[in-house]
Amino acid sequence: MEDLIQRAAQDLIKARYGIALTGAGISTESGIPDFRGPDGIWTKNPEAEMKAYEVYEQFKTNPKAYWEERLDPHGSMSRLFSIFGEIGKVQPNCGHYALAELEKMGVLKSVITQNVDGLHQKAGSKKVIEYHGGIDKFRCIECNRRLSTEELNLEKIKIEGKLPPYCQCGGVIKDDGVFFGEPIPSDVVEKSQREAWKCDLMLICGTSAVVYPFASLPQMVSPSTIIIEINSEPTPLTGRISDYLIQGKTGEILPKIAERAEKIQKG
Ligand code: APR
C-alpha cells in the first residue's frame, strides 16, 4: 500500500493535467451512505431504487403533478428525498480536503463528481463539475439555466397555483439532480469530456464505476493517460482500464498522497 501511495504521489507530480473523478464512496466517511456498497441506499432500499427509476418519466409526462407530489410533505417523492436525509448538513472529510489541497498545489486541475452533496466545494475545491447535478439547485430543462434555492420561491408558486415553475425562457424547471433515465445536461457533458480528453492522469475515487455515461469517461482518455483507482473494492475498471487500484478508504489514502506529493514538490 505505501509503495502505491508513493507511486501515485509521483505520478501526480509528473502529470501535466491531472483530474479527479469521484463517487458516493468519497462521502461515506462524512456520514452519507453510498448506493451499492453493503450499507448502500439502494442495497438497503431496493423499492426506493425502483421508485427512482420512475421519477423522470413522471416529470416528463406531467411536470405539474411531479411538483405537487414533490412539495407534498407526505407524498412518496418526499419519502424518496428524505432518504438523502440531511445531506445539506454534513461536513467534508479528509478525502475531500486532500483533493482541494492537491488543486491548491496546482497538481489537480478539476474534480468531476457524481455526488450531489456539494462537499467538494465545501472543502475548498474550485473547479468542480457536478455530473449528476447539485442538491442545492434547480435547472431549466430547455436552457440549462441554474437557479439557487433563494431564486425560486416554490411555496409562493404553489400557493398561487402556478406549478410547475417556469424559466424566463419558457422551459420547465426541475431539481438540478439528474434522475435515472434523464440525459446529462449538455453543458456538463461538454465540460467533462473536454477534461477527460485533456488529462494525462485520472484519479478515480470512491465509485463502483457501473453507472453510465459517467463510467465512460475513463474510456475516453488518451492511451498514455495514467488511471489510478482508490476504492474499497475492485471495480469493472480494475485490471482492464485503470493502471492500478489502491484498495482502501479515500479518507485515509488521499491525505497520504497529498502529503507525499507536497514533499516531492518541495523537493
Ligand atoms: N473509500 C473508498 N471507497 C469507498 C468508501 C470509502 N470510504 N465507501 C464506499 N466505497 C466504495 C464502495 O465499495 C463502492 O465501490 O465506493 C463505491 C460507491 O459506489 P456506488 O454506491 O455505486 O456509488 P457511485 O458509483 O457514486 O454511484 C453512481 O449511481 O445511484 C446513482 O446517481 C447515483 O451518482 C450515483 C451513481
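Here, each number is a calculation from the coordinates, and none is a lab measurement. Remember, it's a predicted structure, so these values are computed and weren't measured experimentally. Backbone-built Cβ (ideal geometry, glycine too); neighbour counts: all protein chains shown.
Going down the table (K51/K126; K60/K89; K109/K249), which pairs top 24 Å between alpha carbons? Listed pairs above 24 Å: K51/K126; K60/K89. If R0 is 25 Å, the Cβ-Cβ spacing of E252 and K104 corresponds to a FRET efficiency of close to 0.75.
So what is the calculated 222 nm ellipticity per residue for the chain, using -39500 (n - 2.57) for each DSSP H run with n of 4 or more, over all residues, to the nearest 500 deg cm²/dmol?
Values: 10 runs with 101 residues, N = 267.
That calculation yields -11000 deg cm²/dmol at 222 nm.
Spin-label pair K127-Q6: with each label point 7 Å from Cα along the Cα-Cβ axis, the two points sit 3.0 nm from one another. Since only I141, A258, G161 are under comparison, the one whose Cα sits farthest along the positive direction of the charge dipole of the chain, derived from C-beta charges on Lys, Arg, Asp and Glu, is A258. With the Kirkwood sum run over all distinct C-alpha pairs, the range 120-185 has a hydrodynamic radius of 13.0 Å.
For the range 1-26 versus the range 202-267, the inter-centroid distance based on Cα atoms is 6 Å.
Under 12 Å from a label point set 7 Å out along the Cα-to-Cβ vector of E142, the amide N atoms of the range 152-193 belong to 166-173.
Annotation: the antiparallel percentage among DSSP beta bridges lying fully within the range 164-267 is about 10.
What the Cβ-Cβ distance of A48 and Q91 gives, at R0 = 22 Å and to the nearest 0.05, is a FRET efficiency of 0.30. Helix 46-61 axis versus longest C-alpha principal axis of the chain: approximately 60°, rounded to the nearest ten. With contacts taken as Cα pairs under 8 Å and at least 6 residues apart, the range 143-267 reaches a relative contact order of 16 percent. The Cα atoms of the range 160-267 define a convex hull whose projected area, averaged across directions, is 10.7 nm².
Given +1 at the Cβ of Lys and Arg, -1 at the Cβ of Asp and Glu and no other charges, the dipole of the chain around its Cα centre is 660 debye to the nearest 20. Exposed loop sites were defined as GluC sites (Glu not before Pro) in DSSP loop states (anything but H, G, I, E or B) carrying at most 14 other C-beta atoms within 10 Å; in the chain the longest segment without such a site runs 161-267. Taking 8 Å as the Cα distance limit and 6 or more residues as the minimum spacing, I'd like the relative contact order of the chain as a percentage. Averaging sequence separation for qualifying contacts and normalising by length gives 26 percent for the chain. Taking the Cα atoms only, what angle lies between the long axis of helix 2-14 and the longest principal axis of the chain, rounded to 10 degrees? For 2-14 against the chain, the angle is about 80 degrees.
Over all pairs of different C-alpha atoms in the range 215-267, the reciprocal of the mean inverse distance, the Kirkwood hydrodynamic radius, equals 12.5 Å. The range 7-156 gives an Rg/Rh value of 1.02, both radii derived from C-alpha positions and Rh following Kirkwood.
Our estimate of slack between K266 and C169, defined as 0.36 nm per intervening residue step minus the Cα-Cα distance, is 29.8 nm. Qualifying trypsin sites (Lys or Arg not before Pro) in the range 16-59, where qualification requires a DSSP coil assignment and no more than 12 other C-beta atoms within 10 Å, comprise R16.
In the chain, what percentage of the DSSP-assigned beta bridges are antiparallel, given to the nearest 5?
25
Along the axis of the charge dipole computed for the range 144-251 (Cβ charges of +1 for Lys and Arg, -1 for Asp and Glu, origin at the Cα centre), the listed residues S192, I241, P223 are led at the positive end by S192.
For R16 and E155, what does the FRET efficiency come to when R0 = 41 Å and r is the distance between their Cβ atoms, rounded to the nearest 0.05? Efficiency computed from Cβ-Cβ geometry: 0.25. Taking other residues whose beta carbon is less than 14 angstrom from the beta carbon of R146, and scoring Lys, Arg as +1 and Asp, Glu as -1, yields -3.
Over the chain, the reciprocal of the mean inverse Cα-Cα separation, the Kirkwood hydrodynamic radius, stands at 19.4 Å.
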